[in-house]
């Protein structure tokens with residue numbers, strides 16, 4: 001009987017932030033392939049004692065696919081444990097394509113991505129009523145070609161978008177330069193969150209003018225997200241107009257206008 005592969009989002013770091021469904025699959029798995037450079041190994045405590053466990057940090061795509069295909073053809077349940085959510089910078093497509101070619105069934109179980117985890121530990125809301133209604137998730141890169149750049153998206157931050165930048169902390173000076181070239185000034189709020197939800201997480205608050213020096217002083221070079229925009233300024237958010245949904249003067253299908261009757 002043919003087995004299958006399940007791509008499971010491991011979440012941002014805290015083992016308790018994996019989904020119930022993801023945890024169940026870890027408990028049932030015959031084979032687990034996890035991204036050891038990013039996934040908290042504490043999640044493996046739920047694996048069966050006889051499960052085969054592979055750290056994919058040093059493996060190539062071809063080696064990973066070979067393990068998944070061979071074991072699934074043996075009728076085994078293979079869990080591919082990816083950091084955060086598999087659909088956000090999870091290198092998911094190329095593995096799914098390879099399984100399609102091999103005729104191996106698969107399933108995707110979502111997880112909590114770093115942008116959401118970072119917002120939760122601050123805590124802030126990435127979308128703020130009347131202030132920021134759009135979230136842009138993007139990444140910075142020196143070597144990987146990209147269609148569009150941080151510079152191109154900076155203008156949307158001026159219009160109220162919140163930008164969350166992955167894989168940019170090691171080139172924070174370049175990220176800041178591109179944001180400036182895109183039209184943002186040095187007063188633009190910026191927050192850096194290192195290893196959100198891990199025991200050693202760090203939070204650095206600043207603005208476009210001082211965030212580079214603050215990050216270098218903290219000696220942070222990896223595993224961080226950079227949040228840019230008005231939503232990253234708690235003082236500004238505190239004075240923002242309240243949400244219309246829960247405003248007593250705002251009506252909707254679940255709360256129509258109340259008619260007061262006076263004797």
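Name every residue in the stretch 174-208 that is assigned to a loop (DSSP other than H, G, I, E, B) and surrounded by fewer than 17 Cβ atoms within 10 Å (Cβ to Cβ), in order of residue number. If the condition is that a residue be assigned to a loop (DSSP other than H, G, I, E, B) and surrounded by fewer than 17 Cβ atoms within 10 Å (Cβ to Cβ), then 183, 185, 186, 187, 198, 199, 200 are the ones that fit.
For the stretch 70-86, filtering for residues that are in contact (Cβ under 8 Å) with a residue 60 or more places away in the chain and over 12 Å from residue 6 (Cα atoms) leaves 7. Within this structure, residue 84 fails the test of being outside the structural domain of residue 201 (by TED's automatic domain parsing), at pLDDT 95 or above and surrounded by fewer than 16 Cβ atoms within 10 Å (Cβ to Cβ). Any idea which of 35, 57, 51, 10 is over 23 Å from the mean Cα position of the chain (by Cα) and in the same structural domain as residue 80 (by TED's automatic domain parsing)? Criteria check complete, one pass: 51. Taken over the stretch 164-173, the criterion of being outside any loop (DSSP other than H, G, I, E, B), over 17 Å from residue 234 (Cβ atoms) and in contact with a strand residue (DSSP E or B) (Cβ under 6 Å, 6 or more places away or on another chain) is satisfied by 165, 166, 169.
From the list 91, 154, 119, the one residue that fits, being under 20 Å from the mean Cα position of the chain (by Cα) and on the phi > 0 side of the Ramachandran plot, is 91. Looking only at the stretch 1-37, residues that are in a strand (DSSP E or B) and buried (at least 18 other Cβ atoms within 10 Å of the Cβ) come to 10 in all.
Just one of the listed residues (121, 135, 101) is at pLDDT 95 or above, in the same structural domain as residue 65 (by TED's automatic domain parsing) and surrounded by fewer than 20 Cβ atoms within 10 Å (Cβ to Cβ), and it is 101. The single condition among (1) closer than 24 Å to residue 102 by Cβ; (2) buried (at least 18 other Cβ atoms within 10 Å of the Cβ); (3) in contact (Cβ under 8 Å) with a residue 24 or more places away in the chain that residue 54 does not meet is (3). Selection of the stretch 156-169 for residues being farther than 11 Å from residue 226 by Cα and at pLDDT 95 or above yields 156, 157, 161.
The values are calculated or read from the model by the stated rules, or taken from the named source; none is laboratory data. Predicted model, so just to flag it, every value in this text is computed and none were measured. Cβ coordinates were reconstructed from backbone atoms using ideal geometry, including for glycine residues, and neighbour counts include every protein chain displayed.
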